[in-house]
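K.L.:
One structure follows; several queries about it will come next.
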Amino acid sequence: MHSLRSQFPILKTSVHNKPLVYLDNAATNQKPLRVINAISNYYIQQNSNIHRGVHALSQQATESYEHVREQVKTFINAKHSHEIIFTRGTTEAINLVAYSFCKKYVSSGDEILISALEHHSNIVPWQMACEERGATLKVLPMNLNGELMTEALPQLLSNKVKLVAIAHISNALGTVNPIKKMIDAAHHLGIPVLIDGAQAVAHTKVDVQALDCDFYCFSGHKMYGPMGIGVLYGKEQWLETMPPYQGGGEMIDEVTFKKTTYNVLPFKFEAGTPNVGDVIGLGEALRFISDTGISTIAETEEALIRYCEEQLLAEGGITLVGTPEKKSGVVSFLIDNVHPYDAGTIIDRFGVAVRTGHHCAQPVMDFFGIPGTIRASFAVYNTKAEIDVLIKAVQQVKTMFC
Amino acid sequence: MIKEKTDQLVNEFSLFDEWMDKYTYLIELGKTVPPIDEDKKKEENLIKGCQSRVWLDATLAEGKIHFTADSDAIITKGIAALLIRVFNHETPEAILEADLSFLDTLGLKEHLSPTRSNGLLSMVKQIKFYAMAFQAKS
């Protein structure tokens, strides 16, 4: 454990003269030195534009970049590497599908189905697409435990529904959704399914072929990789038929002023100079996860969540928001009637980084009738001793406000 | 005089060694805020830029502005109370001309998260906005 923590330089930081306790990993997690080095080494040794030059550097950079595409393919067990599209992050991946898929496959009177516990990034792009296409957004409800009511699926799934878009794991509550079951139910009617995997890839093994999902989106920065890079996985059959999302260099085959023909997959969806440096950083992050072991990560975090919930409940006056049977990554809670911002302000003074507020999931907060929650979220480098500091901070909040 | 009130605040805050004392003081101060009427807790009195909800209302009587406020977060309410303590019962002109350097001297900005610090500035802006509106009317 000690050597694992020592790989993360930022964990030695002090905040308000206290050692940093970083429990905001669902927002973004910290980067091991090897990822930081991979990015700087790229700029020191390889930087050049890819797929364009015949010169040696360009070829090396192209090779490194395309190698990461292979790594991602293996990481999520995609069938083809051209089904891996690099994007700026999960949000851009979802926007790409919302624009491009809907342009081709969604028309007036159609429906798109999402769920009640989505992040704004898996709500707003669909609202925009629905408005554009004259379609309707439908919402699968959840229960008071923060679990999706999959029993309502048969009523909601019809031939009007052109796509289902669901989070693998809820960022606000940590609920692990039964996505396999939902994918199967949708496929039974021939409806494709997009999975927002932003909160999943760093915590659980993802196998897109076993899931049989049609799209899977995730971000590098939530999986020990850099910000500004993410992945859209899409089945070849969809990506082939979807129109391009953005125009520019790289995505073209031939350009004349009369007509442009588009490049093949995956380049059709990667207009402009790609973020090569961060793709290479992402590749190193994938190696970090493989070396650490996704099952070790999952077990460590599960133990932390259990410990955190036990310690919080032992304090009394704590409400856990979201008590699903299967939970991953986060503990969302409230301290008596204390406003999350008041609590967050005091907790921060202990050097503890937690997120307070609606976590970009306002409909989830509205559902529970609360302004927000305090969310502690975990990564493999966190320790029980850090949770103890959080508990001390919670005790101080209670002293000051209760 | 606004200057006297801000000097006094700076004086009071200088007595606190610990950040915790400043917060405790703000929490206590929050209890003294002139309460806003329930029917004034509406969208147009909600201050944008705060992550907790803050309502601020103002009325003009005998050339002076009277503020009322509320917030669902206690520390935010304390900040509103602090600002009202400074600007309440002052003329629009005095509010518009007021020197705001006391906010830096109090060290409030550094002790508040950027979001709430923005909220603090939004509250000041709204107070000045009221002053400007009342000045234009008179």
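No lab work stands behind these numbers, since they all come straight from the coordinates. Model, not experiment: these values are computed from the prediction. Cβ coordinates were reconstructed from backbone atoms using ideal geometry, including for glycine residues, and neighbour counts include every protein chain displayed.
K.L.:
Count the DSSP beta bridges whose two residues both fall in the protein assembly as shown, then state the antiparallel fraction as a percent rounded to the nearest 5. Display every interim value, and only then the final one.
P.N.:
Working: 37 of 56 bridges.
Percent antiparallel among DSSP bridges in the protein assembly as shown is about 65.
K.L.:
Any aspartates and glutamates with Cα under 18 Å of the A:LYS12 Cα? List them, leaving off those in the same chain fewer than 8 positions away.
P.N.:
A:LYS12 reaches A:ASP24, A:ASP348, A:GLU386, A:ASP388.
K.L.:
Another question, if that's okay. Among A:ALA78, A:VAL139, A:MET128, whose Cα projects farthest towards the positive end of the dipole of the stretch A:1-145, with charges put on the beta-carbon of Lys, Arg (+1) and Asp, Glu (-1)?
P.N.:
A:ALA78
K.L.:
Oh, and also: PRE reach from A:GLU151 (point 7 Å along Cα→Cβ): which of the stretch A:168-210 fall under 17 Å by backbone N?
P.N.:
The answer is A:178, A:182.
K.L.:
Among DSSP beta bridges lying fully in the stretch B:2-137, give the percent that are antiparallel, nearest 5. Mind dumping the intermediate values first?
P.N.:
Working: 10 of 11 bridges.
Among the beta bridges of the stretch B:2-137, antiparallel pairing accounts for roughly 90 percent.
K.L.:
Given Cβ point charges of +1 (Lys, Arg) and -1 (Asp, Glu) and nothing else, what value in debye, to the nearest 20, does the dipole of the stretch B:1-102 about its Cα centre take?
P.N.:
Values: 12 positive and 20 negative charges, 42 e Å.
Around 200 debye, computed over the stretch B:1-102.
K.L.:
Count the net charge of all other residues whose Cβ sits under 11 Å from the Cβ of A:LYS384, scoring Lys and Arg as +1 and Asp and Glu as -1. All intermediate terms of the calculation are to be shown ahead of the outcome.
P.N.:
Values: positive: A:ARG306; negative: A:GLU310, A:GLU386, A:ASP388.
The answer is -2.
K.L.:
Which net charge results when you count Lys and Arg as +1 and Asp and Glu as -1 among the other residues whose beta-carbon is under 10 Å from that of B:ILE47?
P.N.:
Numbers: positive: B:LYS48, B:ARG53, B:LYS125; negative: none.
Taking every other residue near B:ILE47 into account, the sum is +3.
K.L.:
Still on this structure, I have one more. Once you put a point 7 Å from the Cα of A:LYS103 and another 7 Å from the Cα of A:GLU70, both along the Cβ direction, what distance in nm separates them?
P.N.:
Taking the simple label geometry, A:LYS103 and A:GLU70 are separated by 3.2 nm.
K.L.:
Count charges around A:ILE294 for me, please; just the other residues with Cβ under 12 Å from its Cβ, Lys/Arg as +1, Asp/Glu as -1.
P.N.:
Numbers: positive: A:LYS205; negative: A:ASP207, A:ASP291, A:GLU299, A:GLU301.
After counting each charged neighbour, the total is -3.
K.L.:
What distance in nm separates the simple spin-label points at A:LYS392 and A:GLU131, each placed 7 Å from Cα in the Cβ direction?
P.N.:
4.9
K.L.:
Moving to a separate point now. Given a Förster distance of 51 Å, report the FRET efficiency between A:LYS259 and B:LYS48 from their Cβ-Cβ distance, rounded to the nearest 0.05.
P.N.:
Details: r = 47 Å, r/R0 = 0.93.
Using R0 = 51 Å, I get an efficiency of 0.60.
K.L.:
I'd like the mean, over residues of A:332-344, of how many other protein chain beta carbons sit within 10 Å of each residue's own Cβ. Each step should come with its number before you reach the end.
P.N.:
Values: counts 0, 0, 0, 0, 0, 1, 2, 10, 3, 14, 14, 2, 6.
Across A:332-344, the average partner-chain Cβ count within 10 Å equals 4.
K.L.:
If each of B:ALA94 and A:ILE44 carries a label point 7 Å out from its Cα toward its Cβ, how far apart are those two points in nm?
P.N.:
Spacing of the two 7 Å Cα→Cβ label points: 6.3 nm.
K.L.:
Okay, moving on. Would you mind checking which residues have amide H under 5 Å from B:ASP72's amide H? H placed 1.01 Å from N; only 5 or more apart, or other chain.
P.N.:
B:ARG53
K.L.:
For each pair in A:LYS73/A:LYS180; B:LYS41/B:LYS137; A:LYS162/A:LYS326; A:LYS104/A:LYS326, compute the distance between the two Cα atoms and list the pairs where it is over 31 Å. Can you show the working numbers first?
P.N.:
Numbers: A:LYS73/A:LYS180 20 Å; B:LYS41/B:LYS137 23 Å; A:LYS162/A:LYS326 28 Å; A:LYS104/A:LYS326 36 Å.
Long pairs (Cα-Cα over 31 Å): A:LYS104/A:LYS326.
K.L.:
Right, something else. What do you get for the angle between helix B:114-137 and the principal long axis of chain B? Use alpha-carbon atoms, 0 to 90 degrees, nearest ten.
P.N.:
30
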